[in-house]
Amino acid sequence: MQFIDYYKILGITKSASEADIKKAYRKLARKYHPDLNPNDKEAEHKFKEINEANEVLSHPENRKKYDQYGENWKDAEAYEKASKQRNSQQSGQQYQRYSGGGEEDFSDFFENMFGGAGRQQQRATYRGQDVQAELHLNLMDVFKTTKRTLTVNGKNIRITIPAGVEHGQTIKIKNHGGKSPNNGPKGDLYITFAITNNTPFHREKADLFITHNIPLTTAVLGGDIQIKTLDSTVKLKVKPGTQNGTKIKLSGKGFPVYKKDDTFGNLFVTYQITIPTTLTPAQKELYEQLAALD
């Protein structure tokens, strides 16, 4: 089973206090709660990981076992029991040490106990370090699925960037991290996207928002206007008597939904009525006539 770093899931260090753990858990649980992310399998998986990490790290005894035994922390009691028996049976025997680590090597015990190599001694291998990288893009760069070549640790890596990636989102590329010190598997590469919005639109996930100015006469009498979307122009009909602040929704004219082909969010347009600041004498006279009719 793949080792899960509970500290990394909660975004904290091993020196984090109980208060730090509780604070990190509450923040992430709210962010990835299923009620706020309906039909989002990725958020659902993340929410389960966050709860699992909290159940272990918020319990002092479980956290102590996890810190000492890592992925095998649930079998800590069995190891300690077997360790005492071995000490009593083999006086003076010393356990193998990790090179430079100063901690006991539990790998042989767990290998023997859970389908390992019997009495054959095997030295544990270690994963290489994970590598963190940040990729800076403009909003239009993630409007369509694209491919980019990145240079990480002196090597070029060709990656696919799915349309709809969000600012701050992190993706994992397996086995593209640091090398193992003893021929174990490589670490993973984590790429965090830093996306700059270089458009007039405000983005919230796959929905886009914009304010569009319309003349006072169009608001009063109605008329046709044109709205620019990210990739086209849409013609709209303004109803007579449209009020300032009126919002309309253009379905499917928003941003691509992450990892859902040909699925887009909505574009919300808020009308802002432009009041004329300079009038010709004829225009002023017409407005005065209208005012007299009120």
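Given a Förster distance of 45 Å, report the FRET efficiency between Ile210 and His59 from their Cβ-Cβ distance, rounded to the nearest 0.05.
The calculated FRET efficiency here is 0.40.
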For Val131, residues with placed amide H under 5 Å, excluding near neighbours: Gly178, Asp188, Leu189, Tyr190
Beta bridges per DSSP with both ends in segment 171-291, % antiparallel, nearest 5: 70 percent
Antiparallel DSSP beta bridges within segment 113-237, as percent of all bridges there, nearest 5: 70 percent
Cross-link pairs beyond the 19 Å C-alpha cut-off, checked among Lys147/Lys172; Lys228/Lys249; Lys46/Lys259; Lys14/Lys64; Lys46/Lys155; Lys46/Lys253: Lys46/Lys155; Lys46/Lys253
In segment 251-294, trypsin sites (Lys or Arg not before Pro) in a DSSP loop with at most 16 other beta-carbon atoms within 10 Å: Lys259, Lys260
FRET E, pair Leu36, Thr274, Förster distance 35 Å, beta-carbon r, rounded to 0.05: 0.40
Pairwise label distance in nanometres, Lys155 with Leu135, each label 7 Å out on the Cα-Cβ vector: 1.7 nm
Size of electric dipole in segment 169-294: Cβ of Lys, Arg +1 and of Asp, Glu -1, about Cα centre, debye, nearest 20: 800 debye
Placed amide H near Ile161: partners under 5 Å, 5+ positions off or other chain: Thr146, Lys147, Arg148
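Every number here is computed from the coordinates shown, using simple stated rules; none is lab data. Predicted model, so just to flag it, every value in this text is computed and none were measured. FYI the Cβ positions are ideal-geometry reconstructions off the backbone, even for glycines, and counts take in every protein chain you see.
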